[in-house]
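The values are calculated or read from the model by the stated rules, or taken from the named source; none is laboratory data. None of these values were measured; they are calculated from a predicted model. All Cβ positions, glycine included, derive from the backbone under ideal geometry; neighbour counts span all protein chains shown. These accessible areas exclude ligands, DNA and RNA; they are computed on the full protein's heavy atoms, side chains included. Shrake-Rupley method; radii C 1.70, N 1.55, O 1.52, S 1.80 Å.
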Amino acid sequence: MSFLAIKGLSARLRDTSFPILRDVFLSVEAGEVHGLVGESGAGKSMIGKALLGILPTSIEITHGTIELDGVDLLRLPPAERRRRIGATAALIPQDPLTALNPSRRIGPQITDRLVDILGWARSTAEARARELLDEVHIPDPVRVMRSYPHELSGGMRQRILIASAFAAEPKLIVADEPTTALDVTVQKQILKLIAEMQARHGTALLFVTHDLGVVSKVCQSLSVLYGGMVVERTTVRDFFREPAHSYSRALLAATPKYTDPLASLTPVPETVIAAVQAEVAAHDRSQRNG
Amino acid sequence: MADGRSQIRRRVGLKLWLSGGWIAFLVMAALCAPWLAPHDPLAQDLFLGRLPPAWVQGAEPGFYLGTDSLGRDVLSRILYGARLALIVALVAGSLTCLIGATLGLMAGFLRGWVDVVISRAIDIWMAFPPVLFSILLIAVMGPGLTSIILAIVVIDWTRFARVVRAEAMAQGAMDYVASAQVAGRRRISTMFTEILPNVLPTIVVLLTLEMGIAVIVEAILSFVNLSISTDDPTWGGMIAEGRTSIHQAWWVLVFPLVTLFLTVLSFSQLGEGLKDRFDPVLR
Ligand SMILES: Nc1ncnc2c1ncn2[C@@H]1O[C@H](COP(=O)(O)OP(=O)(O)OP(=O)(O)O)[C@@H](O)[C@H]1O
Ligand SMILES: [Mg+2]
């Protein structure tokens, strides 16, 4: 059984009933790195937020189940759900500049979860935090834990967020475009670090990204999302050999090759967009009639 | 870069020292009025009426800022007047802040029906003309310290609520709030440990501004004789009395007016200075 199994998940805007997620099926095995790709606005972040219980209040889930380690989160009472998510899952957010509280020191921001959710003693939690900061190659962890976020560089902060995500030894981490806000040289280091930490801790990773190049390097399987719908779920090997869906093929053709970055790129053709949009529309019709 | 920062800090420091110094001086004056005041603020002596301040010709020794038309010592009355002004500033300011900021924080962060209820209340509240409202309130309750404080709280809580709500809303959209939620923190506890510290600088500025406003409101109400009994010296009351004899004895009007002005200015500057102190980036 998959560690994370999202089945038939649909969500919409509360006010206008505009669909945000359409009947999403998605599964991640224990210890697996699963890529979630798709254009901007496809709903990648919403899937991550739904499973971490942090959807904006303007969005409601209408159908489906989110099974984390065999338990349907949506059926748990809120307090129990919060505890469960806190103990088994974590988030590496996109923007290290806003992901740390500017008016609190780094130390407590890492140890909070260990103390609150796992009930550790503060001193044990602090020792653990120092160890983790060491593990993500941060020099002088003791000083860093006493610092405020603005005293540290973007790359440092992202390292801290990674350490913090791994702190409670979660079984699943959602990384929502963890390198987009960083400059290119730092991006590579951070990516390497995430892969390294994931391998060492054996954590399952749901890796949200625009970048198929990154997917080919760190993921074992992936889902392609369009308009809140999963159009293809496959292994990375099969995907790069021969994508099944026309939209996936077009997406792949639109990605620069590292071997030849200046080779002509084909943007996703209109006809392919039209076809996948028709699919989404057909899904909505069947939803209404069914 | 380093130079620029230290420049900012130095000016912040001066502002904070000057305004804080004045407020501290007033607090001292209010607490120690019986020992500091050279005369009984209520003692009348018609033979000593309208004495000019010490450096003007015709002054009597011991009456540093002159006397009013009833012969009461202006300096002593200003010192005693600081008591009422500061009590009103402190009590009305903090009550308004506590109520307004709490409601604003809840509306801005919890959203949903809580926000709907509080926002509607703010809208409706702001449709009342505030001065009329306060005069009406005091007319019903009768003049007195409690009425003044209540009038200020009732009118001004919306100022806090609106600003704090907007700030809390902006902070609530930040990723660190999402992280705290994922880490299992309860919403109420997120509100206090994550959001509140980031809204605090704004609250401090509003609070000190509000204290200044409270001093003015008290003065205005004393001026129109709606404050506490006219026997106790109040700055507003002194200004009202001084107005009638401005041509014969300008000092009776000018000194309480300057004191009032400096106090309100200091409160607002104190807020600005403290805000910079609280700001983790400038600290
Ligand atoms: N707070 C919100 N309230 C209402 N709708 C939202 C909100 N945030 C996002 N949406 C909508 O939800 C849909 C999916 O957004 P989502 O953020 O999941 O996209 P994404 O795939 O993560 O895109 P990106 O690559 O730009 O991050 C979009 O149509 C977006 O407009
Ligand atoms: Mg996103």
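Taking the 0 to 90 degree range and rounding to the nearest ten, how far is the long axis of helix A:106-116 tilted relative to the main principal axis of chain A, both from C-alpha atoms? Helix A:106-116 sits roughly 80 degrees off the main axis of chain A. Scoring B:51-62, A:240-251, A:218-229 by mean Cβ neighbours within 10 Å over their residues and listing the highest first yields A:218-229, A:240-251, B:51-62. Translational diffusion coefficient of chain B (Stokes-Einstein, Kirkwood radius from Cα pairs, 4 °C, 1.567 mPa s): 62 µm²/s. Pop the C-beta distance of A:Leu118 and B:Phe25 into the FRET formula with R0 = 56 Å and round what comes out to the nearest 0.05. It comes to 0.60.
The charge dipole of the range A:137-239, taken about its Cα centre with unit charges on the Cβ of Lys, Arg, Asp and Glu (plus for the first two, minus for the last two), comes to roughly 260 debye. At a probe radius of 1.4 angstrom, the accessible area of chain B per residue rounds to 50 square angstrom. Tell me, what % of the accessible area of the range A:148-279 is carbon and sulfur with a 1.4 angstrom probe? Carbon plus sulfur share of accessible area: 56 percent. Both chains summed, the buried accessible area for B and A stands near 1800 Å², from protein heavy atoms and a 1.4 Å probe. What is the helix-to-structure angle for A:184-201, meaning the angle in degrees between its Cα long axis and the longest Cα principal axis of chain A, kept from 0 to 90 and rounded to the nearest 10? Approximately 80 degrees, to the nearest ten. Can you give the net charge of the other residues whose Cβ lies under 12 Å from the Cβ of B:Phe63, counting K and R as +1 and D and E as -1? Summing Lys and Arg as +1 and Asp and Glu as -1 gives -1. Of the three principal axes defined by the Cα atoms of the range A:31-167, the extents in descending order read 48, 36, 30 Å.
Highest average first, the peptides A:174-186, A:132-144 ordered by how many other beta carbon atoms sit within 10 Å of their residues are A:174-186, A:132-144. Computed over the range B:191-283, the alpha-carbon pair-distance distribution with 5 angstrom bins reads 3, 14, 17, 16, 13, 10, 8, 8, 6, 3, 1, 0, each value a whole percent. In the range A:16-59, burial by the other protein chains removes 20 Å² or more of 1.4 Å probe accessible surface, compared with the chain on its own, from A:Ile54, A:Thr57. If you add up the charges near A:Arg143, with Lys and Arg at +1 and Asp and Glu at -1, over every other residue whose beta carbon is less than 12 angstrom from its beta carbon, what do you get? Every neighbour counted, the sum reads +1. Once the 1.4 Å probe is applied to the protein heavy atoms, chain A comes out at 46 Å² accessible per residue.
Among the residues of the range B:155-185, which ones have their accessible area go down by 40 Å² or more when all the protein chains sit together, as opposed to their chain alone (1.4 Å probe)? Residues of the range B:155-185 that lose at least 40 Å² of accessible area once the other chains are added: B:Asp175, B:Tyr176, B:Ser179, B:Val182, B:Ala183, B:Gly184, B:Arg185. Are there residues in the range A:108-150 whose accessible area shrinks by at least 40 Å² when all protein chains are included rather than the chain by itself, and which are they (probe 1.4 Å, ligands and nucleic acids not counted)? Buried by the other chains: A:Arg113, A:His150. Each listed q (0.09, 0.12, 0.16 Å⁻¹) maps to a log10 I(q)/I(0) for the range A:161-290, found by the Debye formula over equal Cα scatterers with no solvent: -0.34, -0.58, -0.94. Near the amide H of A:Val231, within less than 5 Å, lie the amide hydrogens of A:Val224, A:Leu225, A:Tyr226, all on another chain or at least 5 residues away, with H placed in the peptide plane. Shielding of peptide A:94-100 by partners, expressed as the average count of other chain Cβ atoms within 10 Å per residue Cβ, is 4. Principal-axis analysis of the Cα atoms of chain B puts helix B:112-126 at an angle of about 30° to the longest axis.
Shown for the range B:115-167: the carbon plus sulfur share of the solvent-accessible area, taken with all protein chains present and a 1.4 angstrom probe, equals 74%. Is the shape of the range A:1-97 rounded, prolate or oblate, going by the alpha carbon gyration tensor and its root eigenvalues a ≥ b ≥ c, with a/c under 1.5 for rounded and a/b larger than b/c for prolate? Note, shape of the range A:1-97 comes out rounded. Dipole orientation for the protein assembly as shown: of the candidates B:Leu209, B:Pro197, A:Gly86, A:Gly86 has the Cα lying most toward the positive pole (charges on Cβ; Lys, Arg +1; Asp, Glu -1). Over all distinct Cα-Cα pairs of the protein assembly as shown, the Kirkwood formula returns a hydrodynamic radius of 28.3 Å.
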